[in-house]
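**Q** Structure in structure tokens, see below.
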Amino acid sequence: MLIRKATQKDIEAIQSISKITWAVTYTFLPKGQMEYMLDWMYSSKSLQEQMQNGHQFYVAEVDEVIVGFASISKEKCETIFKLNKLYVLPTTQKTGAGKALLQSVVAYAKENNGKEIQLQVNRNNNARDFYLKQGFTILDEADFEIGNGFLMNDYVMSFKLS
């Protein structure tokens, strides 16, 4: 497995993985919310803007096929980073791809003087257990209004970098 920094050439693969993983992961969302969020966060324009505005994306490849991705960015507090996205194709989960992507974003945060990584994960998403196994702790439960009458019902999690 190869983990590498993503480029704009990888946007189509990131979008494809998002659609596949979200369809399996977020079956509990209200009608229309998944499509709204995918368009909001994963449109070509949105991903290009994220990449141009300091979000570092990584992709995981197996035999030159992208099977997962992650994105991290610096928060307003210069020592806190946010893990914005980490998704691995359902057929590739439990192979170490997610852990390898997480190790890459941790290394990136450390290289850039990060002291902590935070993330939000839906309270009904089993990925919470993955993050707990990797050393994250739950800081808070929060509901975030995202528009169109939709809410994100998340855990806010933290990983202290040593």
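**Q** Per the Debye formula with a single identical scatterer at each Cα and no solvent contribution, what log10 I(q)/I(0) holds for the stretch 36-89 at q = 0.14, 0.25 Å⁻¹?
**A** These q points yield log10 I(q)/I(0) values of -0.42, -1.07.
**Q** Applying the Karplus parametrisation 6.51 cos²θ - 1.76 cosθ + 1.60 with θ = phi - 60° to the phi angles of the stretch 143-150, what ³J(HN,Hα) value in whole Hz is obtained for each residue in order, glycine and proline being reported as x?
**A** Working through the residues one at a time gives 10, 10, 6, 10, x, 6, x, 9 Hz.
**Q** Still on this model: Test of understanding: given the chain, find the longest segment containing no GluC sites (Glu not before Pro) that are in a DSSP loop and have at most 12 other Cβ atoms within 10 Å.
**A** My reading of the result: 79-162 is the longest stretch.
**Q** Here is a follow-up. Which Rg and Dmax, in Å, describe the Cα atoms of the stretch 1-75?
**A** Values for the stretch 1-75 (Cα only, Rg and Dmax): 12.8, 37 Å.
**Q** Using the Kirkwood radius over C-alpha pairs as Rh, can you work out the diffusion coefficient of the chain via Stokes-Einstein at 25 °C, viscosity 0.890 mPa s, in µm² per second?
**A** 153 µm²/s
**Q** Would you grab the residues whose amide H sits under 5 Å from the one on Leu139? Only those 5+ places off in sequence or on another chain, please, with H modelled 1.01 Å from N.
**A** Correct list: Val156, Met157, Ser158.
**Q** Same structure again: When the label point is put 7 Å from the Cα of Asn112 along its Cα-to-beta-carbon vector, which residues of the stretch 72-100 have a backbone N closer than 20 Å?
**A** 72-87, 99-100, by backbone N distance to the label point.
**Q** Using only helices, what value at 222 nm comes out for the chain when you add -39,500 (n - 2.57) per DSSP H run of length 4 or more and divide by the total residues, to the nearest 500 deg cm²/dmol?
**A** Using -39500 (n - 2.57) per qualifying helix, the result is -10500 deg cm²/dmol.
**Q** What translational D, rounded to a whole number of µm²/s, comes out for the stretch 95-155 from Stokes-Einstein when the hydrodynamic radius is the Kirkwood one over Cα pairs, at 37 °C and 0.692 mPa s?
**A** Stokes-Einstein gives a translational diffusion coefficient of 249 µm²/s.
**Q** Going by C-beta contacts inside 10 Å, put Trp22, Trp40 in order with the fewest on the left.
**A** So the ranking, lowest neighbour count to highest, is Trp40, Trp22.
**Q** Looking only at trypsin sites (Lys or Arg not before Pro) in DSSP loops with at most 11 other Cβ atoms within 10 Å, what is the longest site-free stretch of the chain?
**A** In short, 95-162.
Only the coordinates and a few stated rules stand behind these numbers; no lab work does. No experiment lies behind these values; they were computed from the predicted model shown. Quick reminder, even Gly has a Cβ in these numbers, built from the backbone with ideal geometry, and neighbours come from all protein chains shown.
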